[in-house]
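One structure below.
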Amino acid sequence: MASMRDIKRRKGSIQSTQQITKAMKLVSTVKLQRAKQRAEQSKAYFNCMYETVTSMLARTSGLNHPYLKAGASDKKAVVVITSNRGLAGGYNSNIVKLITKGEFKKADLEIYAIGKKGKDALQRNGYHIVEEDPDIIEEPSYVDAMAITNRLLKSYADGEIGEIYLAYTGFKNTVVHEPTLLKLLPVEAGERQGSVQSAGSRAMMNFEPEDDEALDMIIPKYVTSLIYGGLVEAVASENGARMQAMDSATSNAEEMIDQLSLMYNRARQGSITQELTEIIAGANAIS
């Protein structure tokens with residue numbers, strides 16, 4: 001059995017850890033309120049842009065725009081959004097699993113990493129990191145999303161990549177966060193038909209100005225809005241996941257402290273009993 005000194009030292013160490021987890025939970029809670037509000041405000045635009053563009057393309061036939069068909073290259077660009085810090089439960093590992101456990105071939109992927117944790121994990125697994133932007137996830141902005149989109153679309157137009165995907169954690173509520181892999185380009189026919197059915201309209205789409213010119217303006221905004229939406233939802237999900245993880249850690253520390261207090265009291269009682277026994281035995285020996 002551990003000595004009273006060892007138990008006391010262990011208890012003190014856990015109490016110190018508990019204070020840290022409580023502080024981290026409080027910080028995450030405050031950050032979550034801001035990030036949640038921002039995610040909820042942008043979600044309507046995020047969803048509306050996706051539904052509008054897919055529905056518009058579903059009602060259109062005969063278009064031969066480069067953004068609407070897979071490129072000649074087998075390479076696939078994946079924008080992977082994770083955090084720069086850990087202690088958030090399975091938040092980062094779930095996104096990494098979308099890539100490593102998915103149907104993608106490692107040799108075909110070009111990773112655009114936003115967040116250190118995802119970049120480090122994928123790099124260890126041998127994936128090619130084309131670009132890393134750890135600072136973006138700290139304070140995402142529409143300008144950042146636009147810059148990423150411009151680089152992606154240039155590679156797409158140059159034939160360096162044939163498809164573009166977005167891997168992020170969707171924010172449902174404080175406790176529900178869904179790892180999501182979303183295909184940005186090209187939009188496939190099956191997805192378009194699903195959008196048309198949900199929209200309940202079969203009217204054909206007319207373009208003004210010409211369709212190529214209109215799509216050249218619309219598609220970059222479409223991709224930018226989805227990436228920006230993914231960024232703000234990922235930040236909210238990260239803080240929600242970290243708040244839950246720190247709450248669980250604090251509760252576990254409380255249980256361990258209670259167990260160690262019980263062990264300490266038992267050890268102390270045993271020590272007192274032993275001392276009394278020795279005193280009584282000594283007194284009997286003298287008499």
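Odds and ends about this structure:
- Filter result for Thr17 (closer than 18 Å to Leu166 by Cα and either touching a helix residue (DSSP H, G or I) at 6+ places or on another chain (Cβ under 9 Å) or in a helix (DSSP H, G or I) (or both)): no
- The residues of region 90-149 that are out of contact with any strand residue (DSSP E or B) (no Cβ under 7 Å at 6 or more places or on another chain) and on the phi > 0 side of the Ramachandran plot amount to a single one, Gly126.
- Region 111-163 - residue that is polar (S, T, N, Q) and over 21 Å from the mean Cα position of the chain (by Cα) and, of those, modelled with the highest pLDDT: Asn150
- Here Leu98 does not qualify as under 20 Å from the mean Cα position of the chain (by Cα), more than 25 Å from Lys172 (Cα to Cα) and modelled with pLDDT of 90 or more.
- Residue within region 4-24 that is crowded, with 18+ Cβ neighbours inside 10 Å and either in contact with a Lys or Arg (Cβ under 8 Å, 6 or more places away or on another chain) or more than 30 Å from Met263 (Cβ to Cβ) (or both) present: yes
- Checking each residue in region 67-81 for being assigned to a loop (DSSP other than H, G, I, E, B) and hydrophobic (A, V, I, L, M, F, W, C) picks out Ala70, Ala72.
- Close contacts from region 107-130, counting a first residue that is among the basic types (Lys, Arg) and a second that is surrounded by 20 or more Cβ atoms within 10 Å (Cβ to Cβ) and assigned to a loop (DSSP other than H, G, I, E, B), with Cβ to Cβ under 9 Å and a gap of 6+ residues or different chains, come to Lys116/Thr82; Lys116/Ser83; Lys117/Thr82; Lys117/Ser83; Lys117/Ala88; Lys119/Thr82.
- Boolean, Ala44 is more than 22 Å from the chain's Cα centre (by Cα), modelled with pLDDT under 90 and among the hydrophobic types (A, V, I, L, M, F, W, C): no
- Looking at Asn84, Asn64, just one residue is within 19 Å of Gly230 (Cα to Cα) and part of a loop (DSSP other than H, G, I, E, B), and that residue is Asn84.
- Test: residue in region 132-149 that is touching a Lys or Arg at 6+ places or on another chain (Cβ under 8 Å), among the β-branched types (Val, Ile, Thr) and more than 16 Å from Lys221 (Cα to Cα): no
- Within region 101-110, considering residues that are among the charged types (D, E, K, R) and farther than 19 Å from Gly170 by Cα, the one modelled with the lowest pLDDT: Glu103
- Residue satisfying condition, being surrounded by 16 or more Cβ atoms within 10 Å (Cβ to Cβ) and in contact with a strand residue (DSSP E or B) (Cβ under 9 Å, 6 or more places away or on another chain), within set Ala70, Ala35: Ala35
- Among (1) outside any helix (DSSP H, G or I); (2) in contact with a Phe, Trp or Tyr (Cβ under 9 Å, 6 or more places away or on another chain), the one test that Ile99 misses: (1)
Here's the yes/no breakdown for (1) among the small types (Gly, Ala, Ser); (2) free of Cβ contacts under 8 Å to residues at least 12 places away in the same chain; (3) surrounded by fewer than 16 Cβ atoms within 10 Å (Cβ to Cβ):
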{"position": "Ala249", "(1), (2), (3)": "yes, no, no"}
{"position": "Ala253", "(1), (2), (3)": "yes, no, no"}
{"position": "Ile257", "(1), (2), (3)": "no, no, no"}
{"position": "Leu260", "(1), (2), (3)": "no, no, no"}
{"position": "Asn265", "(1), (2), (3)": "no, yes, yes"}
{"position": "Thr273", "(1), (2), (3)": "no, yes, yes"}
{"position": "Asn284", "(1), (2), (3)": "no, yes, yes"}
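Every residue, every condition in (1) of a type in the set (A, V, I, L, M, F, W, C); (2) crowded, with 16+ Cβ neighbours inside 10 Å; (3) touching a Phe, Trp or Tyr at 6+ places or on another chain (Cβ under 8 Å), yes or no:
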| residue | (1), (2), (3) |
| --- | --- |
| Ile95 | yes, yes, yes |
| Lys105 | no, no, no |
| Leu109 | yes, yes, yes |
| Gly126 | no, no, no |
| Ile136 | yes, yes, no |
| Glu139 | no, no, no |
| Ile148 | yes, yes, yes |
| Ala157 | yes, no, no |
| Ile161 | yes, yes, no |
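The values are calculated or read from the model by the stated rules, or taken from the named source; none is laboratory data. What you are looking at is a predicted structure, and each value in this text was computed from that prediction instead of being measured. FYI the Cβ positions are ideal-geometry reconstructions off the backbone, even for glycines, and counts take in every protein chain you see.
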